[in-house]
Structures are given as C-alpha cells and as structure tokens.
Amino acid sequence: MSGVRVLVGTRKGAFVLTADGKRERWEVSGPHFGGWEIYHVNGSPADPDRLYASQSSGWFGQLIQRSDDGGRTWKPMGNEFSYEGVPGTHQWYDGTPHPWEFARVWHLEPSPSDPDTVYAGVEDAALFRSVDGGQEWQELSGLRCHGSGPSWQPGAGGMCLHTIVLDPNESARMFVAISAAGVFRTDDGGKMWRPVNRGLRSEQIPDSTAEVGHCVHRLAMHRSRPEVLFMQKHWDVMRSDDAGESWAEVSGDLPTDFGFAIDVHAHEPDTVYVVPIKSDSEHYPLEGKLRVYRSRTGGGEWEALTNGLPQGDCYVNVLRDAMAVDSLEECGVYFGTTGGQVYASADAGDSWAPIVRDLPAVLSVEVQTLG
Amino acid sequence: MIRIMLPAHLRTLARIDAGEVTLHVEGQATQRLVLDALEARYPMLRGTIRDQVTHQRRAFVRFFACEQDLSFEPPDAALPDAVALGVEPLLVVGAMAGG
C-alpha cells in the first residue's frame, strides 16, 4: 500500500504527518524535540526509515538527531561542526570583516544512494558531510575557501547555506545556494567550487550583475533533467538550462516575483510551483490571498492556484524549505506556513486542504513517498 | 558526590528522569571537572552547555549555586564547599527569556 510521510520542522519541534496514497486522512505525530527549533527534517532516498533532523536552540546550540524507524524513535548524533583550518572572516552587515562563526544547521541532504552519507548546510555558510550516519562531520572547505569567501555577506536571515541539490546522474556534481552569496557548483565531489550566477541581476547590491553577492532563496531540479535548474531569488524567478552556467528570468506574469519556496512537479519537469510574497519588506501574500502559482511551461506563464487556500486576510509567509512534492501517480504538493498550517494538494495543485492548522511556525516541509 | 540540576530540555535530551544528576569527581571539584564528568556520562550533552572545542560556556547558559552566580568564575576555580560536599546542587540554568 503506497503512502506518504510529511516531515515538518517548526519553531517549536518536529512533526511527522502520515497518510495512505489517497492523502485524505492524516495521522499527526509530534511534537518531537518539543520546544526546540527544527530547521529541517529529511529522509534518506536509499532507506526511507532513515531520517535526519537538525535540532537547535539559542540556549543549547546545535544537535543532530537520527531515526532508523521512520521517526518513531530518535537518537542524538555528532554535533561538532568545526570549520577546517583558520576560519578567517566574511563581511558583516555593515561591510566590516566578521569572523566565521558556526550558528546552526539549516539543511540536511542525504545521499540518494547511501543512508550513512548526508550533507549539512550551515550558518555561517559552509558545507559539511558525514559518511557515518551523522556521527562525525567534516567540512568541504573548498567552498568556504573559494576566493570570494571574504566578500560574502549575510542576508537578513543570516549567512546561511540553505540549499543543497545533488545531481542524480553525476554523483560528483552538486549545487549549493548561500544567502547572500549565490549559487556554487562542484564537479569533483566538493573539492573545487565555482560561482554559477551569470544572468542574475540584483538591484540591492552595488554591482547588480556581480559574480557573487546575490540573495538566492532556493533552487529546484527535476531528477530526469538535472541540467535544468529553477531558482527563487530574493526578487525574480530564474531558470538555467545549462547547469547554472547562465540564468534567464522566467517571472513572466507573476503578480510579484519575490518569494522563498520553489519546487518542480514529480513527473512533469516543466511544471513549477512558487508562492509569491508581496515584497522584501512585507513578507506575506499579496492582497492577503494565499496563492500558489503553477507554470506548466517551465516558467514565464503562471496560473494562480487558490481552491482551498484562504483568499482573504491571510498574512503568513512560506519559507524557503517549506514546500515539497511527493511522487505518487497524481503528484502531491505540500507547503507549510509561518502561521502553522501545512497544506496538501493531492491533485498537483488544483485543490488544497490543510493537514494541520495550528502548528508552530513551519520552517521546513519534506515528503517521503512510501511503498 | 556532586549534585547537578539541569534544565528541562537537557534532562529530556539526556533521558534523565530524576531531577538531579549525581557525579563523582576526583580531587577538588571545579566547573571544568564537573562538566567533564557530566559529558563523559552523557555524551549527547557535549556542545549544549559549553563549546566542544574551546569549552567556553554558551552565552545563554548560567551556573548558579549557594545563591551565587558562578557563571563568570574561572572554569578551574574551586566550586563552593557546599557543592563539593553535595550539600547544595550546582544549577545549570538556561538564561531567562520571554516569548
């Protein structure tokens, strides 16, 4: 029997939401790690029962939790994230040099083939890897030590490495995105990195087409076509057809192209979802209407999806890691809000219903397709 | 025996059901030796009270005992006799915050 497991990270704990393939009746488990910030929970594609969670608190720091039974029980793993060598400095908000300081893990990305290999994107921006199921973490320092590192500057949410995209065909290739430095790509498993931001234009930085300095919010890829990437930037929805070598804007007829989340339909590589947010100073939906926008043309032309979503007095946000899709025959789409709702669509976005309405602010949503 | 009171989140993390942890420390009891012993028994607490590498106290963690704030005492300073003798507990406290 097929089913789905939705992994939700919130400001005050993690929740696991499960349903069968119809996705009508849901069981809610949680809060796990109640009272702690859970930036991300993610499952191993190679072993769906293997989950990793990033648990943190301003008081007690960073922990990594691992489950080997689909989220029923958890075990704390290694939590030492030490930058390699002398960390040096990056730019602070005021442009002065600031020491690289570990704050938290934003994103965990398990390997598609090995449950014990998992990548962690952290603040201050760096990439770590564990090859022993989360016990030990080593920095892939070629990224942070890229020549541009000292010029990186934090976005409003901190200088975080928030997106890790692994190429399903070329195991040595991966993409990361950093706020506010941009996108970087490695083709050798993480030793050497280079920025891939050509075509991005950001009016908020002195040189709007600079090689680095762009506030990229999120990347998405369809596994059947890994050379095509979609991006929600601070402003602008972008597309690359050459693995990030160049980018073109595909905001098209969106009512606003500011936003955080972006994802791709599980079976239609040109069907893309975004949640437009009013502006960088007003982080809520335009006109108080929560609308997902879907493009079936790989960007450019967008349609509003509103059925089942609040169309008045709605002032929540949808954060960058808070949207995901399942891979059932009829693709399911899910997103969580800062108001604590997790919405699900079992028909590729045509209609929506809340799974839960009153969780703490949702930081992340991932979906596992089971069975 | 040294008695230690941990905040609720750390008791949950370490699966400590009792209100207090009791530890034996060789020689003169200091913050460093007590935390070394605590982390040896409960490895999941590493990094939650002090930095794993520098052993610097986390900014929002406080050490209280005998109605004194010991947070800014040197880590190798002797703890009060009442703590060393187990008469009073060493309180590890999350700094108070609203919200």
Search result, residues across the range B:61-84 that are among the hydrophobic types (A, V, I, L, M, F, W, C) and either over 18 Å from B:GLY19 (Cα atoms) or touching a strand residue (DSSP E or B) at 6+ places or on another chain (Cβ under 7 Å) (or both): B:VAL61, B:PHE63, B:PHE64, B:ALA65, B:LEU70, B:PHE72, B:ALA77, B:ALA78, B:LEU79, B:ALA82, B:VAL83, B:ALA84
Kindly indicate the residue of the range A:32-49 that is part of a strand (DSSP E or B) and touching a residue at least 60 places away in the same chain (Cβ under 8 Å) and also nearest to the other protein chains (Cβ to nearest Cβ) among those meeting that condition. A:GLU37
Going through the range A:50-60 one residue at a time, which ones are in contact with a Phe, Trp or Tyr (Cβ under 9 Å, 6 or more places away or on another chain) and in a strand (DSSP E or B)? A:LEU51, A:ALA53, A:SER54, A:GLN55, A:SER56, A:SER57
Qualifying position, being surrounded by fewer than 18 Cβ atoms within 10 Å (Cβ to Cβ), on the phi < 0 side of the Ramachandran plot, touching a strand residue (DSSP E or B) at 6+ places or on another chain (Cβ under 6 Å) and not in a strand (DSSP E or B), among A:GLU80, A:GLU84, A:GLU24, A:GLU101: A:GLU84
Taking the range B:57-69, which residues are outside any loop (DSSP other than H, G, I, E, B) and closer than 21 Å to A:PHE81 by Cβ? B:ARG57, B:VAL61
Just to be sure before I move on: is A:ALA19 hydrophobic (A, V, I, L, M, F, W, C), more than 25 Å from A:GLY158 (Cα to Cα) and part of a loop (DSSP other than H, G, I, E, B) in the structure I sent? no
What number goes with the only condition from (1) in contact with a Ser or Thr (Cβ under 7 Å, 6 or more places away or on another chain); (2) within 14 Å of chain B (Cβ to nearest Cβ); (3) more than 20 Å from A:THR117 (Cβ to Cβ) that A:ALA14 does not pass? (1)
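This table checks each residue for (1) more than 12 Å from the chain's Cα centre (by Cα); (2) away from chain A (no Cβ under 14 Å); (3) outside any loop (DSSP other than H, G, I, E, B).
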residue: B:ARG3; (1), (2), (3): no, yes, yes
residue: B:HIS9; (1), (2), (3): yes, no, yes
residue: B:VAL21; (1), (2), (3): no, yes, yes
residue: B:LEU35; (1), (2), (3): no, no, yes
residue: B:THR48; (1), (2), (3): no, no, no
residue: B:GLN52; (1), (2), (3): yes, no, no
residue: B:HIS55; (1), (2), (3): yes, no, no
Filter the range B:57-76 down to the residues that are more than 14 Å from chain A (Cβ to nearest Cβ) and closer than 26 Å to B:ARG15 by Cβ and list them by number. B:PHE64, B:ALA65
Of everything in the range A:191-204, what is buried (at least 19 other Cβ atoms within 10 Å of the Cβ), part of a loop (DSSP other than H, G, I, E, B) and not aromatic (Phe, Trp, Tyr)? Give them in sequence order. A:VAL196, A:ASN197, A:LEU200, A:SER202
Filter pass, B:PHE72 being under 26 Å from A:GLN55 (Cα atoms), among the aromatic types (Phe, Trp, Tyr) and either in a loop (DSSP other than H, G, I, E, B) or at pLDDT 95 or above (or both): no
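The values are calculated or read from the model by the stated rules, or taken from the named source; none is laboratory data. These numbers come from a predicted model, not from an experiment. Heads up, the Cβs are rebuilt from the backbone with ideal geometry, glycines too, and the neighbour counts pull from every protein chain shown.
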